Each structure stands twice: as structure tokens, then as C-alpha cells.
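Please read the structure below before turning to the comments.
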Amino acid sequence: MRLSAILYILLSISINGFAQHSGHAASAKRQPFMERQGKKIVYHLYVTDTVVNYTTKKAKAVAINGSIPAPTLYFSEGDSAEIQVHNLMHMETSIHWHGLILPNEQDGVPYLTTAPIHQQSTHVFRFPIVQSGTYWYHSHTMLQEQSGMYGAIVIQPKQKLPYNDIHNYLLIIKQLED
Ligand SMILES: [Cu+2]
């Protein structure tokens, strides 16, 4: 029997954009979530099955680095991104970098622009960051996005403007259904 939809609001506050993006515990053998190598920003995303319980009923879900929504990825315009997606599930996955201007084969839509990321394998995305603003990323496979596999991307502009120094608030709104 279908329960009524609930509105699930997640508010994550980032001060000056780059102030905080730790807090996603990784196991000892995992790579750090983020590494800066000059202008290159390397992220390691570990995709796993998980179980959530928002309505007293357990449901299967998909997490990245143990987190739903997935961790926010921060960049600056002019950076180059290297994002290593480690699929630890026993099913294939994908990530579409929604709204980012990038080479077509890096777009992440499986069977269309990018090969699917097979179970227990790693896919490395590499693309330049040529824009600024707030975007999001999500699975493009089955119902994984609806099951939790989505997160935000925040890109600081190359040219600092006065309003870049005010606090930024990132709001992700998601409707969940049993
Ligand atoms: Cu999309």
C-alpha cells in the first residue's frame, strides 16, 4: 500500500563555498574524498548499497561515501576535474554531471555518451571546469537517482565579485515516496 509522499528537505550550509567539505568517513583503504593537485581537483566517490528508514519502513537506497544526498563537489572555474567513481555495488551504475559543459564522452549518460560503470569497477572522469554556478550530479541508471544517488556541484567564478564573499546556502529539496 502506498504511503503519502513526504517532503524531505536537506539544508547544508557552506560558508564562503570552500570552507568545509570533509566529514565523509572513508575506510582505511579508501582514497581521501578530495585531493587538490595544483589546478587539478581529484574526488573519489564510493557508491554503495545502503538501507534507509524515513517512514518506519526500511527501503533499499544508494549512497555515495555513505551519504544521501551525495557529498557536494566544490570547484573553481579554471580547475580541471578528475572524479574517480568506484562502484562497490553488485549492479552497474553511472553519473551524469548535470548542466556541466564538458566533452561529450564525459557526460556520463550510459549507453549514450559514456560506458556504464560496471559492478565492482572504477571509472575515471576527466574534464575542465569552464563555468561557474551551482549544479548537480546524479545516477542515470534505473532508479538509483530516486534512491539517493544525487548531489550538488558548486563552482566558484574565476573573477571575484563583491557578493562572492557573502555566505552561501545550498538547499537540496527532494520528494521521497515509499
Ligand atoms: Cu541530469
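Among residues of region 15-44 that are closer than 22 Å to ASN164 by Cβ, those with a beta-carbon under 8 Å from a residue that is modelled with pLDDT under 50 and surrounded by 11 or more Cβ atoms within 10 Å (Cβ to Cβ) at least six positions away or on a different chain give the pairs GLN20/SER14; HIS21/SER14; MET34/HIS21. Considering only residues that are outside any strand (DSSP E or B) and either under 25 Å from GLN119 (Cβ atoms) or of a type in the set (Gly, Ala, Ser) (or both), which ones fall in region 35-52? Selection gives GLY38 alone.
The set of residues in region 107-141 being within 16 Å of the ligand (Cβ to nearest atom), over 25 Å from ALA61 (Cα atoms) and surrounded by 14 or more Cβ atoms within 10 Å (Cβ to Cβ) consists of THR113, PHE127, GLN131.
Residue check: GLN156 meets all listed conditions (1) modelled with pLDDT of 95 or more; (2) surrounded by 14 or more Cβ atoms within 10 Å (Cβ to Cβ); (3) more than 23 Å from TYR54 (Cβ to Cβ) but one, namely (1). Scanning region 83-104 for residues that are within 16 Å of the ligand (Cβ to nearest atom) and either acidic (Asp, Glu) or farther than 16 Å from MET149 by Cα (or both) yields GLY99, LEU100, ILE101, LEU102, ASN104.
Once region 68-78 is narrowed to residues that are crowded, with 20+ Cβ neighbours inside 10 Å and over 13 Å from TYR150 (Cα atoms), the residue that is nearest to the ligand (Cβ to nearest atom) is PHE75.
The values are calculated or read from the model by the stated rules, or taken from the named source; none is laboratory data. Quick caveat: nothing in here was measured; it's all calculated off a predicted structure. Reconstructed Cβ throughout: ideal geometry from the backbone, glycine too, with neighbour counts over all protein chains shown.
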